[in-house]
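The values are calculated or read from the model by the stated rules, or taken from the named source; none is laboratory data. Everything numeric in this text was worked out from a predicted model, so none of it was measured. Here the Cβ positions follow ideal geometry from the backbone for every residue, glycine too, while neighbour counts run over all protein chains shown. Calculation scope for accessible area: heavy atoms of the full protein, side chains included, ligands and nucleic acids excluded. Shrake-Rupley method; radii C 1.70, N 1.55, O 1.52, S 1.80 Å.
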Amino acid sequence: MPAQPLRIVLAEDSALVREGIAELLNKFGHQVVRAVGDADSLLTAVAECSPDLVVTDVRMPPGHGDDGLRATLRLRKSDPDLPVLVLSQYVANAYAKELFTPGRAPHRPNPAGLGYLLKDRIGEIGEFAQAVERVAAGAMVIDPQVVQHLLTERDRRHQSQLLSAREREVLGLMAQGYSNAMLRDALTISDGAVAKHIGNIFAKLGL
C-alpha cells in the first residue's frame, strides 16, 4: 500500500482497458475519482476533481488521433505542477519529444511529475505501480524502449559529441530502466544532480 493514496483521473477510450487500469490503480491503494473515454471529458474531469495525478492514453476521441497528448499539453501549460503519466500503445518518438520539449512552462524548463510509458508496461504490475507513484511524487519517467529508440534514431557519433561522458552514462542507465533513485544510488550523486543530468540530456538531444 502506498504511504499516501492518490486521487487519480484516468482517460482511456477503450472501456475494457479503462476498467482494467482503474481496477489495478484501486488495488494499488489509490482512488480513481473519474474515468473518462475522451480528451474533452479529461479536461473537464481535471477541472472538477483537482486530482493528484492524471493517467491518460495518447490516442482517443474526439479526433481519434493524439487528442490525449494534446489535452495533456494543455493541462501542463495551465498547471505545470500537475503530475501526468501518458500511456501509448506503441513507441512513437514524436510523442515523447512533444511531451518532454523544454520550455513548456516558462518558469520551469524541465517540469517534473511527467511520465511516458508503453501500455505493455502495465502488465509488469510492480514497475507500473512504482511509475505511478514516482510521477505523482514529481519524478520524470520515460519507458526504456522509448529511450532506446531515441538513441538509435540519431547518429551515435553525433550523440557522443553532444553529451558529456557522465550524461552518456546516465542515458545508458535510463535505457536499462533505471529510476531516478536507482541512478542516484548507482552513480553516488544527489537527487538534484540526477534531475540536472536528465534535464541536460533532454535539452541537448532536442527533447
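Assorted remarks:
- Here Ala35 meets each of (1) in a helix (DSSP H, G or I); (2) at pLDDT 95 or above; (3) crowded, with 17+ Cβ neighbours inside 10 Å with one exception, condition (1).
- Leu171 vs. criteria in contact (Cβ under 8 Å) with a residue 24 or more places away in the chain, more than 20 Å from the chain's Cα centre (by Cα) and open to solvent by less than 40 Å² (accessible area, probe 1.4 Å): no
- Qualifying residue in the range 76-84 (condition: open to solvent by 40 Å² or more (accessible area, probe 1.4 Å), outside any loop (DSSP other than H, G, I, E, B), basic (Lys, Arg) and at pLDDT below 90): yes
- Meets criteria (assigned to a helix (DSSP H, G or I), within 21 Å of the chain's Cα centre (by Cα) and at pLDDT below 85) for Gln159: no
- Only a single criterion out of (1) more than 20 Å from Val141 (Cα to Cα); (2) of a type in the set (Lys, Arg); (3) at pLDDT below 95 is not satisfied by Arg70, namely (1).
- Within the range 49-66, being of a type in the set (D, E, K, R) and over 14 Å from Leu10 (Cβ atoms) holds for Arg59, Asp66.
- Scan the range 20-54 for residues that are touching a residue at least 60 places away in the same chain (Cβ under 8 Å) and touching a Pro at 6+ places or on another chain (Cβ under 8 Å) and the total you get is 4.
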